[in-house]
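Read through the structure below, which is laid out as structure tokens, and then see the notes.
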Amino acid sequence: MFQLLDNEFTRSMWNYPFSLTYRLILREKELHFNISVYNPGAETHSFTLLLHTYFKVPDVRRCQITGMRGCTYIDKTREGALYQEHRDVVTINEWTDRIYQNTPLEHIITNVVSGRKMRMQKYNLVDTVVWNPWIEKAKEIPDFGEEEFPNLVCVEAGHVSAPVILPPGTVFEASQILQVM
């Protein structure tokens, strides 16, 4: 369990009192993420949250992600244009940076971890980000090898298209479970 409390440094970036608790539970084929944010202050504040999960894959072009059909997404590679996903499975064959809105509670990601499937279950995380920098964007990331893009896919549960509004004295709780199938 990790805990972060507001302090002088955090207040220099975000001037609100808070208490954030992040708990990880590792089981044989599962990883549980639980996060809570408490507002002990007198003012309502807002924030966005994204759990950055980078999955190692043999070839991102052969990876498939379910659960996005019918969802609206913000395409950050096309100046934030809005689209609707019509495919049953999302595949990646170019620079991809999308915020899928109001996504279901579960996604299946195929061809991860030696070609296996990964189940992502999420609670109170309404959005799902799908990201891969592809060739050109990978070159722009200082700590990212230019040849690493084919071997990763990011499928990230979050609350990013609209901020969480946290009134005084309340707690926001969210969780995610990743399960190797």
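Looking at this structure, is Val155 of a type outside the set (Lys, Arg), in contact with a His (Cβ under 9 Å, 6 or more places away or on another chain), crowded, with 22+ Cβ neighbours inside 10 Å and in contact (Cβ under 8 Å) with a residue 12 or more places away in the chain?
Spelling it out, Val155 is indeed of a type outside the set (Lys, Arg), in contact with a His (Cβ under 9 Å, 6 or more places away or on another chain), crowded, with 22+ Cβ neighbours inside 10 Å and in contact (Cβ under 8 Å) with a residue 12 or more places away in the chain.
For the range 22-43: of the residues being among the aromatic types (Phe, Trp, Tyr) and within 22 Å of Met120 (Cα to Cα), which is farthest from the chain's Cα centre (by Cα)?
Filtering the range 22-43 for residues that are among the aromatic types (Phe, Trp, Tyr) and within 22 Å of Met120 (Cα to Cα), the one farthest from the chain's Cα centre (by Cα) comes out as Tyr22.
Checking Asp75 against (1) under 18 Å from the mean Cα position of the chain (by Cα); (2) in contact (Cβ under 8 Å) with a residue 40 or more places away in the chain, which test does it fail?
Unmet condition: (2).
So which of Ala157, Ala138 ends up being touching an Asp or Glu at 6+ places or on another chain (Cβ under 9 Å), at pLDDT below 90 and among the aliphatic types (A, V, I, L, M)?
Ala138 is the lone residue from the list that is touching an Asp or Glu at 6+ places or on another chain (Cβ under 9 Å), at pLDDT below 90 and among the aliphatic types (A, V, I, L, M).
Which of the residues spanning the range 161-181 are over 21 Å from Pro58 (Cα atoms), aliphatic (A, V, I, L, M) and not in a strand (DSSP E or B)?
Passing the criteria: none in range.
If we scan the range 52-63, do we find a residue that is modelled with pLDDT of 95 or more, within 26 Å of Pro104 (Cβ to Cβ) and of a type in the set (Phe, Trp, Tyr)?
no
Being crowded, with 18+ Cβ neighbours inside 10 Å and within 30 Å of Ser19 (Cβ to Cβ): is that true of His52 here?
Criteria not met by His52.
Give the residues of the range 27-49 that are farther than 25 Å from Gly115 by Cβ and either exposed (fewer than 12 other Cβ atoms within 10 Å of the Cβ) or free of Cβ contacts under 8 Å to residues at least 12 places away in the same chain (or both), sorted by residue number.
Within the range 27-49, Ala42, Glu43, Ser46 qualify.
Looking only at the range 98-133, which residues are crowded, with 18+ Cβ neighbours inside 10 Å, more than 16 Å from Thr66 (Cα to Cα) and either among the β-branched types (Val, Ile, Thr) or without any contact (Cβ under 8 Å) to a residue 60 or more places away in the chain (or both)?
Pro133 - this is the single residue of the range 98-133 that is crowded, with 18+ Cβ neighbours inside 10 Å, more than 16 Å from Thr66 (Cα to Cα) and either among the β-branched types (Val, Ile, Thr) or without any contact (Cβ under 8 Å) to a residue 60 or more places away in the chain (or both).
From the list Leu24, Leu4, which residue is free of Cβ contacts under 8 Å to residues at least 24 places away in the same chain and under 26 Å from Glu148 (Cβ atoms)?
Exactly one of Leu24, Leu4 is free of Cβ contacts under 8 Å to residues at least 24 places away in the same chain and under 26 Å from Glu148 (Cβ atoms), namely Leu24.
The values are calculated or read from the model by the stated rules, or taken from the named source; none is laboratory data. Just so it is clear, the structure is predicted and the values come from calculations on it, not from any experiment. Cβ: placed from backbone, ideal geometry, glycine included. Neighbour counts: every protein chain shown.
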